[in-house]
Amino acid sequence: MVKYIIKRIAIALLVLLGITVIDFALMQMIGNPMEIMAGGPRVSKEVLAVRAQQMGLDKPVWQQYFSWLGQVLQGNFGYSYKNHQPVWDQIVSHLQPTLILMTSALLLSLVIAVTAGIYSAVHQHEKGDYLIVTLAFLGQSVPQFFMALLLIWVFAVKLGWLPSGGMRQLGSSDSSFSFRYLLLPMTVLAVEMAGRNIRYIRSSMLEILNRDYLKTAKGRGIGRFLLIYKHGLRNALIPIITVIGMEIPVLFGGSIIIEQVFSWPGLGLLTMDAVLSRDYAMIMAVALLSAVVVLTANLLTDILYALADPTVRYQ
């Protein structure tokens, strides 16, 4: 098992190194960041040359890459071209709201998907099964921004039960978030994920429940609860683990749109501001952080997969 984990970590590090090359190359192809810092393309060449020398942008591209990579390995992501503040400090300040939103949405989607998926599989071809499958397709098909606007119109505009955006009440001295502000964006993300995962969990459970050893166990009088949740669900964990691991990167990217719609002060809002202002240092840092999240999620999925199915680590 240790060798398997070391091998997966080594592969992830190699992939991450390749991503840093692509990340840096794409930013070099977009344009000259000096024009942004100096106020526009009409600035004098002398000023641009001084700024470029100060930031090391007058060196060859390969030297700039290794200099940037060395700083990143030390935890220094440079300074924002927009407000001249440390990039990492801004990411840290916006990371907590994103983690709160992602974690709550993921947990809620898992509760909905596992419960509905198992119920749908156990009650196959019944009215409840058809209703759950229909709602799952609907939740997966409706675009997130449309569902977000619909919920805002219903619960914030018409009923006035929930706020339409933000993380806490304006003017509040409390730095923590309010659950009332979290409820709508969390629901939008969770419904879309749950709609996609219900079908996977349902299919996985149906495959397990139709196997001979479970039919034999049922014939021997094992209780319904033990049959489904101890023997059935445990053997259906492998595809479920894979689905959950795939959801984390999707959730990280999808939160960008939702944070924009609900003005949630997370990484998504920070990323959109960086893209619109062509803040290259911030874009590279967020892109690299996203890559780390994706690789970490895949690594954890591989490890959990091997723990659930010991045959994987020996193949």
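The values are calculated or read from the model by the stated rules, or taken from the named source; none is laboratory data. Just so you know, these numbers come straight off a predicted model, no measurement behind them. Note that each Cβ is placed from the backbone with ideal geometry, even for glycine, and that neighbours are counted across all protein chains shown. With ligands, DNA and RNA removed, areas are computed over all heavy atoms of the protein, side chains included. Shrake-Rupley method; radii C 1.70, N 1.55, O 1.52, S 1.80 Å.
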### Within the stretch 282-294, tally of residues that are crowded, with 20+ Cβ neighbours inside 10 Å and closer than 16 Å to Tyr65 by Cα
4
### Message
With the structure loaded, tell me whether Tyr181 is surrounded by fewer than 17 Cβ atoms within 10 Å (Cβ to Cβ), at negative phi and assigned to a helix (DSSP H, G or I) or whether it fails that test.
### Response
no
### Lone unmet requirement of (1) in contact with a helix residue (DSSP H, G or I) (Cβ under 7 Å, 6 or more places away or on another chain); (2) within 18 Å of Met282 (Cα to Cα) for Pro97
(1)
### Query
Taking the stated definitions as given, is Val122 closer than 30 Å to Phe24 by Cα, among the β-branched types (Val, Ile, Thr) and more than 22 Å from the chain's Cα centre (by Cα)?
no
### Message
With the requirement that a residue be open to solvent by 40 Å² or more (accessible area, probe 1.4 Å) and aliphatic (A, V, I, L, M), what does the stretch 96-109 give you?
### Response
Leu99, Leu107, Leu108
### Message
Please determine whether any residue of the stretch 176-198 is in contact with a Gly (Cβ under 8 Å, 6 or more places away or on another chain) and polar (S, T, N, Q).
### Response
yes
### Query
Restricting attention to the stretch 116-132, which residues are part of a helix (DSSP H, G or I) and either aromatic (Phe, Trp, Tyr) or open to solvent by less than 90 Å² (accessible area, probe 1.4 Å) (or both)?
Ala116, Gly117, Ile118, Tyr119, Ser120, Ala121, Val122, Gly128, Asp129, Tyr130, Ile132
### Task
Determine whether Leu135 is open to solvent by 70 Å² or more (accessible area, probe 1.4 Å) and free of Cβ contacts under 8 Å to residues at least 60 places away in the same chain.
no
### Task
May I ask you to list the residues in the stretch 256-276 that are of a type in the set (Gly, Ala, Ser) and open to solvent by 30 Å² or more (accessible area, probe 1.4 Å)?
Ser263
### Any hit, the stretch 153-174, residues being modelled with pLDDT under 85 and among the aromatic types (Phe, Trp, Tyr)
no
